[in-house]
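For reference, the structure discussed in these notes is given below.
The values are calculated or read from the model by the stated rules, or taken from the named source; none is laboratory data. Given the structure is predicted, the values throughout are model-derived calculations rather than measurements. Backbone-built Cβ (ideal geometry, glycine too); neighbour counts: all protein chains shown.
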Amino acid sequence: MDLSVQIGSLTLRNPVIAASGCFGYGVEYADLIDLSSLGAVAVKGLFLTEREGHPPPRIVETPAGMVNAIGLQGIGVRRFVDEKLPELAMRGATVIVNVCGTTLDEYVEVSRILSDAEGVAALELNISCPNIKEGGIQFGCSLTGTYDVVSAVRRVTRLPVIPKLTPNVTDVASFAAAAEEAGADAVSLVNTFLAMVIDIETRRPKISNVVGGLSGPAIRPIAVRMVYECRERVKIPVIGMGGIADARDALEFMIAGASAVQVGTANFVDPLIWSKLIEGMAAYLQRHAIPRIADLVGTLDTRQQIAEGSGV
Amino acid sequence: MPSDVDAEVMANTPLTTDYNVLALSASSIARSVAPGQFVMLKTGGNYDPLLRRPFSIFEVLRDRSGQETGFSILNKRIGASTRLLYEARRGQHVACLGPLGRPFTPVDPPSEAWMVAGGVGLAPFAELARALRARGVSTTLFYGARSASELFHLDLFGSLGVTLVVTTEDGTAGERGRIVTPLERAFAERPAGDPVMTYACGPEGMLAATAKTARRFARPCEVSVERIMGCGLGGCYSCVVLMRGSRGGFHHVRSCLAGPVLPADQILWDE
């Protein structure tokens, strides 16, 4: 049973990646789970400098989901390289770093620092965070912005470049195409859906930033559809995410066209979910006599089904 | 190291129409928990509510031979998750991740210990009182509630040799008003040379008032804060508290990792 998958030049031992923003810097989980057993760990988004993020409350639960506006609190790329990366390397983690920026130059500079550091496997470009005022989603909601960020980072790194796309656009596949044209090695999607929750008694928003991003099982069918659309449009690998809570959900994304998957919100509910996901996917391959999980990717069968007894 | 236990409900004891004590079978957590630490709980495998909820450990439960068998929580029904925990039946299962977080720092004699509790903030003090008793520390519980019917387990604390000071907002038991009033009096009457450590857990306003009072009398104080928490492990960054940084200024600190017990004088309180 071969669970390995290829993302550009990067080989992952399995397709299961801890999603950025939902797994701290990875080291928080190092005593609880074997980080080297994951396909990769996508660490929390990093700017050039430290950021405090938004005041609490930062999350609110919704039916089968949650809305968050953390505001990309973070220690900055230099402290990450000094304080977190060595332990991640020591633990055998495959590290994908989520790169943030308020300007094009900041994306480039953060990417440059990470490319010079020891132990970074790939760069995920955060052009889709809905919760910060400048940068981020401003690039991700414009085709030229997406193209510009990806091509600028492409020029300064040999690491695989993976822009993370926002679903808050009309045609996400056109953004995948812009990223591909700019030299991206893969795209990851979806980031969260812009959302809000109101306390009707106080008539106040339930999170301090007023609006935030919806994640969790509630968004899964929309995310699957968007992964499918991107797979149809681009040749580069698609990394799928959005509400995956068990192995079946992960397999659904892969059949839709995801070469790998990320899991975020479900890790909050069950921090020991990883081995269950990986074992569940392996059991599925066994049951369907598929030797390599890469062979499952994009195998959706859309032929018209002929209704039984229709006489056709 | 925390473990995730699929714990069976051993007993569910209602205290009022909103409060209950839920006993859960989870020996690995019970064996390793320190006073002030917490667990993340979830009933059922459903998606609504989706996330776990943090709870202080109320009591470590033991069998007749003294072996730890599980723990109890003090629950107040305020939303969907707490309603499910209020209605949980014996034999039902609850996912318990823990123990998590930084515990209280118990003092040694000659220091005295003053525990300040408001409402369900009573929860971590039963085990802290036991730890302090084992160290021979003279302990007082300042316990405030809305009404006499919401003052729980006074007998338990009495049996642990804890001196009780009680207030209720409606005056149905003890002094009428807020618990910080008798606390202030006690601080004022205390000779400056007699060491006292204050531990507080309860509503944010009570914590802020306790922290302010302790600072005014130059007394050390630890508070157990409660924030909306997504994961309990440092992954989500939702439970942050503004705290004084080592390099000046204030920074958002994750209360699940640095707390829930935090030094009161390092927190930036809303005035």
Checking B:Met115 against (1) within 14 Å of chain A (Cβ to nearest Cβ); (2) under 29 Å from B:Asp194 (Cα atoms), the condition it does not meet: (1)
Test B:Ser81 against the stated conditions and say whether it is touching a strand residue (DSSP E or B) at 6+ places or on another chain (Cβ under 6 Å) and at pLDDT 95 or above. no
Would you pick out the residues in region B:77-94 that are outside any loop (DSSP other than H, G, I, E, B) and surrounded by fewer than 18 Cβ atoms within 10 Å (Cβ to Cβ)? B:Ala80, B:Arg83, B:Glu87, B:His93
Of all residues in region B:1-18, count the ones that are away from chain A (no Cβ under 14 Å) and touching a strand residue (DSSP E or B) at 6+ places or on another chain (Cβ under 7 Å). 10
Those residues that are among the hydrophobic types (A, V, I, L, M, F, W, C) and either surrounded by fewer than 16 Cβ atoms within 10 Å (Cβ to Cβ) or away from chain B (no Cβ under 14 Å) (or both), I need them from region A:198-233; list them, please. A:Ile198, A:Ile200, A:Val210, A:Val211, A:Ile222, A:Ala223, A:Val224, A:Met226, A:Val227, A:Cys230
So B:Ala129 ticks every box in (1) in contact (Cβ under 8 Å) with a residue 12 or more places away in the chain; (2) farther than 23 Å from B:Pro110 by Cα but one. Which box is left unticked? (2)
For helices (runs of 4 or more DSSP H) lying entirely in region A:201-277, having 2 or more residues that are in contact (Cβ under 8 Å) with a residue 60 or more places away in the chain and more than 22 Å from A:Ile59 (Cβ to Cβ) picks out A:220-233, A:247-256
Strands (runs of 3 or more DSSP E) contained entirely in region B:19-71, each with at least 1 residues that are more than 14 Å from chain A (Cβ to nearest Cβ), touching a Phe, Trp or Tyr at 6+ places or on another chain (Cβ under 6 Å) and of a type in the set (Asp, Glu): none
Reported set for region B:95-142 where residues are assigned to a helix (DSSP H, G or I) and either in contact with a helix residue (DSSP H, G or I) (Cβ under 7 Å, 6 or more places away or on another chain) or not aliphatic (A, V, I, L, M) (or both) is B:Gly119, B:Gly121, B:Phe125, B:Ala126, B:Glu127, B:Ala129, B:Arg130, B:Arg133
How many residues does region B:219-255 hold that are touching a residue at least 60 places away in the same chain (Cβ under 8 Å), facing chain A (nearest Cβ under 8 Å) and on the phi > 0 side of the Ramachandran plot? 0
Please work out which residue is surrounded by the fewest Cβ atoms within 10 Å (Cβ to Cβ), limiting yourself to region A:11-51 and to residues that are more than 12 Å from A:Ala93 (Cβ to Cβ), away from chain B (no Cβ under 11 Å) and aliphatic (A, V, I, L, M). A:Leu48
Where residues in region B:127-153 are within 23 Å of B:Gly205 (Cβ to Cβ) and of a type in the set (A, V, I, L, M, F, W, C), which of them is surrounded by the fewest Cβ atoms within 10 Å (Cβ to Cβ)? B:Ala148
Note: among A:Ala186, A:Ala177, just one is buried (at least 24 other Cβ atoms within 10 Å of the Cβ), more than 14 Å from chain B (Cβ to nearest Cβ) and under 18 Å from the mean Cα position of the chain (by Cα), namely A:Ala186
If you go through region A:71-89, how many residues are within 12 Å of chain B (Cβ to nearest Cβ) and of a type in the set (Val, Ile, Thr)? 1
Residue set B:Thr105, B:Thr172; condition outside the structural domain of B:Ala214 (by TED's automatic domain parsing) and out of contact with any Gly (no Cβ under 7 Å at 6 or more places or on another chain); output residue B:Thr105
Please pick out the residue among A:Ala223, A:Ala218, A:Ala195 that is closer than 20 Å to A:Thr146 by Cβ and small (Gly, Ala, Ser). A:Ala223
Meets criteria (of a type in the set (S, T, N, Q) and in a helix (DSSP H, G or I)) for A:Ser20: no
Filter result for the condition that a residue is among the hydrophobic types (A, V, I, L, M, F, W, C) and within 14 Å of chain B (Cβ to nearest Cβ), over A:Val297, A:Val261, A:Val269: A:Val269
Taking interchain pairs and intrachain pairs at least six residues apart, which have beta carbon atoms under 7 angstrom, with the first residue in region A:59-70 and farther than 8 Å from A:Gly212 by Cα and more than 7 Å from chain B (Cβ to nearest Cβ) and the second in a strand (DSSP E or B) and hydrophobic (A, V, I, L, M, F, W, C)? A:Val60/A:Met66; A:Val60/A:Val67; A:Thr62/A:Leu214
Six or more apart or on different chains, Cβ atoms under 8 Å: show the pairs whose first residue is in region A:1-24 and free of Cβ contacts under 8 Å to residues at least 12 places away in the same chain and whose second is β-branched (Val, Ile, Thr). A:Thr11/A:Val5
Report whether or not B:Met40 is farther than 17 Å from B:Phe125 by Cα, of a type in the set (A, V, I, L, M) and under 16 Å from the mean Cα position of the chain (by Cα). yes
